[in-house]
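The values are calculated or read from the model by the stated rules, or taken from the named source; none is laboratory data. Just so we're clear, the structure is a prediction, and the values are computed from it rather than from any experiment. All Cβ positions, even for glycine, are placed from backbone atoms using ideal geometry, and neighbour counts span all protein chains on display. Areas reflect the complete protein model, heavy atoms only, side chains present, ligands, DNA and RNA absent. Shrake-Rupley method; radii C 1.70, N 1.55, O 1.52, S 1.80 Å.
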Amino acid sequence: MSARIPGNDYGVLEPPVPGAWSPRMAVSVVIPARGGQDRLDLTLAALAAQTYPGHLMEVVVVDDGSVPPLRVPELAPERTRIVRSPRGRRGIAGALETGTAAADGEVLHRMDADIVPYREHVETHMRWHHLADYLVVLGRLRFTAAAGPLPAPDQVRRAVAEDAAHALFAEDPEHGHGWIDELVAAHRGLRDAPSPLLHRVHVGATVSLPAALLKEAGGMDTSLLLGEDTELGYRLTQTGAVFVPDADAVCWHLGTTTAMRRPAEVRRHNEPFMADRVPYRRNLRSDPGRQWRVPYVEVVVDAADASFENVRASVDGALASTLSDVSVVLTGPWALLDARPPGEDGHPPLDDPLLDLRLVRGQYAGDGRVRLAERVPATSFPAPFRLTCPAGWVPGAESLAMLVELADGDDEGLLLVALDEDETGVTAARLERTSAVARALRVAAEGESLDDVIADLYGATWLDAESWRFRPAARAYPAWATARNREAVRWRAEAEKRGREAERARQQVSALKAELRELRAQAAKGSRDIARWKEKAEQRRLEAVTLRREQERSLLRRATRRLRGLVEGQR
């Protein structure tokens with residue numbers, strides 16, 4: 001039984017201090033490369049000075065069609081070899097698939113061919129893998145400034161061996177993985193990071209994981225030429241992996257990445273492939289009516305002992321969900337239908353004991369969203385959620401979206417919707433988080449209740465059917481059901497009508513705003529005119545006052561002169 005880690009809280013583990021423990025696990029450092037012998041030489045020189053025991057470390061360089069072919073330089077770990085990608089397989093994902101197939105170590109440490117790791121880099125990774133077998137350890141990258149010649153391999157080896165790798169290069173102040181640092185810091189070193197976030201930090205330049213875990217996740221997706229590390233990070237999440245960003249696992253990255261130099265083009269290239277494969281990228285799945293390679297929710301309905309009408313009600317209810325990326329698995333003894341063709345046992349078609357199963361298969365065999373299976377695996381990998389719905393119970397249009405929102409809001413591992421209760425117990429619908437079930441399967445003791453383990457590591461909550469809009473088929477079907485496409489067209493037409501009305505309203509509001517601006521302008525002009533005329537009136541008043549005073553003074557002067565003349569005449 002492996003260590004029990006709740007959620008992504010690897011803080012329950014206590015890794016040893018480098019140099020103060022005894023490693024026992026073998027690691028294969030896998031380096032995909034195409035050309036760039038000079039940079040590869042520095043990577044291998046730095047690996048030759050690692051503290052991790054040489055007899056436990058091999059290096060597998062995958063030559064992905066280099067011209068001239070790559071070679072093992074003089075300064076390299078003793079157990080270094082070069083393998084070549086087979087013809088027809090190109091790209092990082094293909095090279096890594098080739099390298100991991102050739103690797104012998106219990107742990108795979110993927111490293112780019114332009115990385116210069118510090119002295120304890122590999123050891124820092126490996127100390128974690130000795131504690132649990134489902135950890136994905138992420139190193140920390142420092143990006144070098146582009147200017148200046150590269151140091152010689154012997155200079156790199158000496159600096160790394162002397163624990164002076166930090167002084168080899170000047171750090172590029174303009175480039176780095178600051179967004180990763182922010183995510184890590186915002187979630188206590190990812191210890192309380194929600195499940196949908198973890199795959200984003202899976203950057204492949206220096207990452208290590210158990211070989212068995214990579215195999216469980218399905219290996220590399222060799223159809224991807226870019227974004228292969230992000231997509232693999234998503235699948236690793238669904239295996240129940242824990243992501244450990246170790247700030248002490250430091251290395252230099254020589255220069256910048258393509259994503260840094262051409263970010264918009266990389267995003268444009270990757271978005272269709274990520275949308276199809278990574279349901280967590282909700283913003284990329286905005287297209288209505290689409291089917292995707294990996295659904296967000298897998299709905300399981302058992303048709304084995306149910307009527308055709310009850311199965312149909314549950315399946316159609318799930319497919320009519322407002323959450324569009326849903327698939328349905330119908331479980332039942334389907335092979336029995338082929339082993340006992342209709343009429344072979346003498347029963348007329350309407351008296352066939354397998355009639356309900358035949359009707360269910362006839363209803364859904366041609367629907368690309370529905371799959372028939374004898375049984376389902378323990379998890380819904382690679383889909384992040386599975387809803388198990390008893391036949392005859394119908395989820396409402398918003399039930400799945402509401403349940404998933406609740407589960408993601410609290411990073412809940414299990415939601416149980418109580419549908420009915422009788423003397424045999426409670427009938428419930430179950431929404432399971434794939435990563436939580438995978439983790440519980442990995443760490444549960446023999447005989448231990450899986451639901452109890454999920455509740456302990458991720459949490460489990462009981463809900464009521466009415467609040468979460470589950471109804472029995474007799475109340476929900478077929479009266480509520482209509483043709484999905486017709487409904488979609490009707491609501492689309494309604495939305496377009498409302499959109500036109502909204503546009504007219506926006507235009508009216510815009511016209512009113514323009515009229516208001518004009519009135520305000522006129523009012524402002526009127527205010528300015530009033531102020532101007534008021535100023536002129538005041539000026540005229542002052543002029544009139546001045547003139548009146550001048551007239552009064554003039555009259556006074558004339559009166560004074562006349563009075564003086566009279567006085568002088570009397571003398």
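Here are some notes:
- Per-residue ellipticity at 222 nm, computed for the chain from helices alone with -39500 (n - 2.57) per DSSP H run of at least four residues, works out to -13500 deg cm²/dmol.
- Cα shape, the range 44-187, gyration tensor, a/c 1.5 rule: rounded
- Based on every Cα atom in the range 233-373, Rg and the maximum pairwise Cα distance Dmax equal 22.9, 77 Å.
- Rotationally averaged projected area of the chain (alpha carbon convex hull; nm²): 52.8 nm²
- For the range 519-564, the Cα gyration tensor yields ellipsoid semi-axes of 44, 4, 4 Å (square root of five times each eigenvalue, largest first, whole Å).
- Gyration tensor over alpha-carbon atoms, the range 320-447, equivalent ellipsoid semi-axes in Å: 32, 18, 16
- Calculated over the range 71-118, the projected area of the Cα convex hull averaged across directions stands at 4.3 nm².
- Whole-percent carbon and sulfur share, accessible surface of the range 1-81, 1.4 Å: 52 percent
- Relative contact order (%) - the chain, alpha-carbon pairs under 8 angstrom, separation at least six: 12 percent
- Angle of helix 263-277 to the longest C-alpha principal axis of the chain, folded into 0 to 90 degrees and rounded to 10: 50°.
- Computed with a 1.4 Å probe on the full set of protein chains, the accessible area for H55 sits at about 140 Å².
- Based on the Stokes-Einstein relation at 10 °C and a viscosity of 1.306 mPa s, and on the Kirkwood radius from alpha carbon pairs, the range 167-296 is assigned a translational diffusion coefficient of 97 µm²/s.
- Rolling a 1.4 angstrom probe over the protein heavy atoms with all chains in place gives the chain an accessible area of 52 Å² per residue.
- Exposure rule at most 11 other beta-carbon atoms within 10 Å, DSSP loop GluC sites (Glu not before Pro): the chain longest free segment: 175-343
- Of all accessible heavy-atom area on the range 142-214, the percent that carbon and sulfur account for (1.4 Å): 53 percent
- The chain: angle of helix 37-47 to the longest principal axis, Cα-based, in degrees nearest 10: 70 degrees
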